[in-house]
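S.K.: Next up is a structure, given as structure tokens.
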Amino acid sequence: MTTAPELPLKGIRVIDVATVIAAPYCAAILGEFGADVLKVEHPIGGDACRRFGTPTSRGDTLTWMSEARNKRSVTIDLHRPEGVAVFKQLASKADVICENFRPGTLEKWGIGWQVLHELNPSLIMLRVSGYGQDGPYKNRPGFARIAHAVGGFAYLSGMPKGTPVTPGSTTLGDYMSGLYGCIGVLLALRWRDQTGEGQYIDTALYESVFRCTDELAPAYAMYGTVRERHGPTHNEFTCPHGHFPTKDGKWVAIACPTDKTFERLTLAMGRPELASSSLYGDEKTRLENRADVNEIVRDWCGSLKREELLEKCYAAGAPAGPLNTIADIFGDRQFHSRRNLVAVDVGDIGETVIVPNVLPRLSETPGRIDTLGPRLGEHTEEVLKDLLGMSEAEIGTLKEKRVI
Amino acid sequence: MTNDTDDSAKKAKRKPTEGANAPPVEEGAAAPPPESPPEPKTEASERPAGEALPLDGARVIDVGTFLAGPYAATILGEYGAEVLKVEHPIAGDPMRRFGTPTKRHDATLAWLSEARNKKSVTIDLRQTGGVELFIKLAAKSDVLVENFRPGTMEAWGLGWDVLREANPGLVMLRVTGYGQTGPYRSRSGFSHIAHAMGGLSYLAGFPGETPVVPATTPLGDYISGLYGAIGVMLALRHKEKTGRGQIIDIGIYEAVFRQLDEIAASYGLFGKVREREGWGSFVAVPHGHFRTKDDKWVAIACTTDKMFERLSEAMERPELASHTLFGEQRKRLAARDEVNKIVIDWVLSLTRKEVMDRCLTNQVPIGKMNSIADIFADEHFRARGNLAEVSEDGLGTVVVPGVVPTLSATPGRIKNLGPALGNATYEVMRELLGLTADEISRLRQSRII
């Protein structure tokens, strides 16, 4: 057994002074791949993510336990000048800072980009906010729900002309912004390694959403096409392509983006004649007869139990899958085989918490989950002592004054 | 170089759509975009933006199709990598035919936008001569992106062992519906299936009713592309330290599943199965979509008690936020129908503009539910350069989403949109692989390239 190679971000120190999910998710990924992540939180209450979702017996929620994985908690009150001084000392020893306050907040505390950049010219700063650091809406409060609306996802989710619904999850835009932020940080680290120069990354929740809207923008600009809600149908270019109910009251997704995949579906249905050129073999014909084609597929789906139907599709190579609930996912062989669910013992709550495993999966340097979300301030003393070289007395004074 | 110069260079790259041949829009179209506030001055960039980028000198081969792997290559290209799109000589990437066609026979709008900055090189990997060329190309590249079904590259003689022998430092990104391992690895997968498999589709729609597609876009492809780009950047860092390449293996379904906050943990610990939430939320009230008097929609998100207090002020009913009424989230959740009805009625009594104004004055989190027409009329999208205009021969101006994220010293860029099929084949064969003109024409005759 050879020892695992060093993780790619070993030796990188990240300060995560952000809240809830967006920028913190970036810090979580950096931590999974070896960075030392210091979660800087307010001494009273800490990150609001500790209260977002379902509480554990310790009080901190499951979202916190999962997304603060591998982080160390350091409490500092940034509303106090003494707190700002400690933060600056940390920043001078950090490679990356992740923040997602409303633009101007860090500046108000005296730790804006200019100050920090002067203090540590190679520092990289990720700034995630609802609307970005500039533009007319920069001061508006932003949450993922709002970003889904502004960025175009919410308008597109729901039955045609019906009430627009949540696009599956209220936190989608947060995660996506964390991913874009992480790409920005990794690019900036590479640039810093080449030039010694730091920089900041400015990204907005609504932008992450809008960037993932395929040809919505060019189609409107060129042809004036305004895409509307499609209900259970994936897009206007292919058919059949959507969600269908099965005999046992469950749902499947079927996708036939090409003539070839439709042919395979007809084989699964035992009706190969449907894929002939005189019937529905061409995409064009299927689109012209969308209602008929969908009805044929819906009738077939309604005649079989979900598992029977999916077996037929898989055997014929037709793209299909179950609309999984989380209960289905826990029973799914693929999730288990790829270890997408990992159980982590949390000693101090005496419970095992199951969380999504590290993504992406790297063959030589796979990421890791050493610990789940820390207790508030669990690592304040060790960090101030070991990293900043503070004495017991200094730490004691800061504690008494409730700065940390 | 002064900062002012830097800012103007950056602005030029993030050109708003002013003056585009955009069709008329529903509202506010006549209003010119207001002056955006000056960008914060930064000493971060002493050099003009765009002169050098973090991935300059990196070469990426993108042999994927559609979007899932290729979007990772798109991002790498925006930040300076040279991206060679390797395609079949006859048909090319099927993405060229996916979506709305243009006057260019080999390019839909989706292709134009997402194959941005790439160069097209045609090689037939089903011919031995093509495989040999591909191995030579891989030997001169840093990153290889593919998304064939597991085993396909191996069947062509292009498995990891072969490629690694040709180039020990190669980073290989493999994106498929289900990943390279596990019982479902051979199944065909598209993002639509991955949304279902990963648990997202089940959650979109009204409780007990038909699950709808989340947002109609190939979200899973984009998200797995984001994880792919992260994996490549991490692997490049490892390669620079050790000289060793590696494989990044992503299943689209798992990228989707990773977005679902505490759904796994709360099922694991409490057996809670999350259901569709319709237009609202199970964890906060009011938190959802509301119709206005002029038949438009807004999203309002009162995640905390503070936000609800502000909303009740905007509604001129501050008593609603008292302890005896609905001041606490717990109480609002218990009386969700009652609270929602108050907000529904209030929003319905006002036009969208009136609701927006009142909420924003009181710092309530609110947003318009934008259609693409609304987005084109939106001053903030313009100010941030989210709609990039690119001139394309024969097509005029094409408007595509700008680069995300924005880096202060090294902002990404869009040099060109999706290339014509094979536009760089000759250049790459000649200059990169050092073939003679004769050799190239023989390869063309045998339809290997």
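The values are calculated or read from the model by the stated rules, or taken from the named source; none is laboratory data. Given the structure is predicted, the values throughout are model-derived calculations rather than measurements. Because the Cβ atoms are built from the backbone with ideal geometry, glycine has one as well, and the counts that use them run over all protein chains shown.
S.K.: Can you tell me how many residues in region A:69-87 are under 27 Å from A:Glu394 (Cβ atoms) and either touching a residue at least 60 places away in the same chain (Cβ under 8 Å) or hydroxyl-bearing (Ser, Thr, Tyr) (or both)?
M.R.: 13
S.K.: Here is a further query. Of all the residues that make up region A:363-380, how many are more than 13 Å from A:Lys39 (Cα to Cα) and either touching a Phe, Trp or Tyr at 6+ places or on another chain (Cβ under 8 Å) or assigned to a helix (DSSP H, G or I) (or both)?
M.R.: Looking only at that region, the number is 2.
Residues checked against (1) under 30 Å from B:Glu316 (Cβ atoms); (2) in contact with a Cys (Cβ under 9 Å, 6 or more places away or on another chain):
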position: B:Ser349; (1), (2): yes, no
position: B:Asn362; (1), (2): yes, no
position: B:Gly367; (1), (2): yes, no
position: B:Asp378; (1), (2): yes, no
position: B:Pro401; (1), (2): no, yes
position: B:Leu407; (1), (2): no, no
position: B:Gly418; (1), (2): no, no
position: B:Asp438; (1), (2): no, no
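S.K.: For region A:152-175, name all the residues that are more than 7 Å from every other protein chain (Cβ to nearest Cβ) and either among the small types (Gly, Ala, Ser) or crowded, with 24+ Cβ neighbours inside 10 Å (or both).
M.R.: Hits for region A:152-175 are A:Gly162, A:Gly173, A:Asp174.
Conditions tested, residue by residue: (1) more than 7 Å from chain A (Cβ to nearest Cβ); (2) without any contact (Cβ under 8 Å) to a residue 12 or more places away in the chain; (3) under 18 Å from the mean Cα position of the chain (by Cα).
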{"site": "B:Trp346", "(1), (2), (3)": "yes, no, no"}
{"site": "B:Arg352", "(1), (2), (3)": "yes, no, no"}
{"site": "B:Val355", "(1), (2), (3)": "yes, no, no"}
{"site": "B:Val364", "(1), (2), (3)": "yes, no, no"}
{"site": "B:Ile372", "(1), (2), (3)": "no, yes, yes"}
{"site": "B:Leu387", "(1), (2), (3)": "no, no, yes"}
{"site": "B:Gly396", "(1), (2), (3)": "yes, no, no"}
{"site": "B:Val400", "(1), (2), (3)": "no, no, yes"}
{"site": "B:Val403", "(1), (2), (3)": "yes, no, yes"}
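S.K.: Can you spot a residue in region B:80-88 that is under 19 Å from the mean Cα position of the chain (by Cα), at pLDDT 95 or above and within 12 Å of chain A (Cβ to nearest Cβ)?
M.R.: Among the residues of region B:80-88, at least one is under 19 Å from the mean Cα position of the chain (by Cα), at pLDDT 95 or above and within 12 Å of chain A (Cβ to nearest Cβ), which makes the answer yes.
S.K.: Here is a check on your reading of the model: is A:Thr203 modelled with pLDDT under 95, within 28 Å of A:Val128 (Cβ to Cβ), within 7 Å of chain B (Cβ to nearest Cβ) and crowded, with 24+ Cβ neighbours inside 10 Å?
M.R.: no
S.K.: Determine whether A:Ser73 is surrounded by fewer than 20 Cβ atoms within 10 Å (Cβ to Cβ), of a type in the set (Gly, Ala, Ser) and either in a loop (DSSP other than H, G, I, E, B) or more than 14 Å from chain B (Cβ to nearest Cβ) (or both).
M.R.: In short, no.
Rundown of residues vs (1) surrounded by fewer than 18 Cβ atoms within 10 Å (Cβ to Cβ); (2) at pLDDT 95 or above; (3) assigned by TED's automatic domain parsing to the domain that holds A:Arg58, yes/no style:
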site	(1), (2), (3)
A:Asp299	yes, yes, no
A:Glu307	yes, yes, no
A:Ala318	no, no, no
A:Asn324	no, yes, no
A:Asn340	no, yes, no
A:Leu376	no, yes, yes
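S.K.: Sticking with this structure for a sec: So if I check each of B:Ala139, B:Ala194, B:Ala204, which one is within 17 Å of B:Ile61 (Cα to Cα) and among the small types (Gly, Ala, Ser)?
M.R.: The conditions single out B:Ala139.
Yes or no, residue by residue, for (1) among the hydrophobic types (A, V, I, L, M, F, W, C); (2) over 24 Å from A:Ala204 (Cα atoms):
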site	(1), (2)
A:Lys10	no, yes
A:Asp16	no, no
A:Val20	yes, no
A:Ala27	yes, no
A:Ile44	yes, yes
A:Arg58	no, yes
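Residues are listed down the side, and each one gets a yes or a no for (1) under 23 Å from the mean Cα position of the chain (by Cα); (2) more than 7 Å from every other protein chain (Cβ to nearest Cβ); (3) within 21 Å of B:Gly418 (Cβ to Cβ); (4) aromatic (Phe, Trp, Tyr):
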| residue | (1), (2), (3), (4) |
| --- | --- |
| A:Asp193 | no, yes, no, no |
| A:Ser208 | yes, no, no, no |
| A:Cys212 | yes, no, yes, no |
| A:Met222 | no, no, yes, no |
| A:Arg227 | no, no, yes, no |
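S.K.: Could you tell me which of the residues A:Leu119, A:Leu189, A:Leu126 is more than 8 Å from chain B (Cβ to nearest Cβ) and touching a strand residue (DSSP E or B) at 6+ places or on another chain (Cβ under 7 Å)?
M.R.: A:Leu126
S.K.: Which residue, of A:Arg192, A:Arg211, A:Arg227, A:Arg264, is among the basic types (Lys, Arg), touching a residue at least 24 places away in the same chain (Cβ under 8 Å), out of contact with any Asp or Glu (no Cβ under 9 Å at 6 or more places or on another chain) and more than 30 Å from A:Ala327 (Cβ to Cβ)?
M.R.: The unique qualifying residue is A:Arg211.
S.K.: While we're here: Given the structure, is B:Gly251 more than 7 Å from chain A (Cβ to nearest Cβ) and either crowded, with 23+ Cβ neighbours inside 10 Å or not acidic (Asp, Glu) (or both)?
M.R.: no
S.K.: Using beta carbons and a limit of 8 Å, which pairs, at least six apart or on different chains, have the first residue in region B:121-147 and within 17 Å of B:Glu431 (Cβ to Cβ) and the second one surrounded by fewer than 16 Cβ atoms within 10 Å (Cβ to Cβ)?
M.R.: B:Leu133/B:Leu433; B:Lys136/B:Leu433; B:Leu137/B:Leu433; B:Lys140/B:Leu433
S.K.: If B:Gly268 satisfies every condition in (1) part of a loop (DSSP other than H, G, I, E, B); (2) modelled with pLDDT under 95 but one, which is the exception?
M.R.: (1)
S.K.: Kindly evaluate A:Asp328 against the criterion of being surrounded by fewer than 17 Cβ atoms within 10 Å (Cβ to Cβ), in a helix (DSSP H, G or I) and either away from chain B (no Cβ under 13 Å) or without any contact (Cβ under 8 Å) to a residue 40 or more places away in the chain (or both).
M.R.: no
S.K.: Is at least one residue of region A:99-111 under 20 Å from A:Arg192 (Cα atoms) and touching a residue at least 40 places away in the same chain (Cβ under 8 Å)?
M.R.: yes
S.K.: What are the residues in region A:86-99 that are crowded, with 22+ Cβ neighbours inside 10 Å and farther than 23 Å from A:Gly34 by Cβ, if any?
M.R.: Answer for region A:86-99, where residues must be crowded, with 22+ Cβ neighbours inside 10 Å and farther than 23 Å from A:Gly34 by Cβ: A:Val86, A:Phe87.
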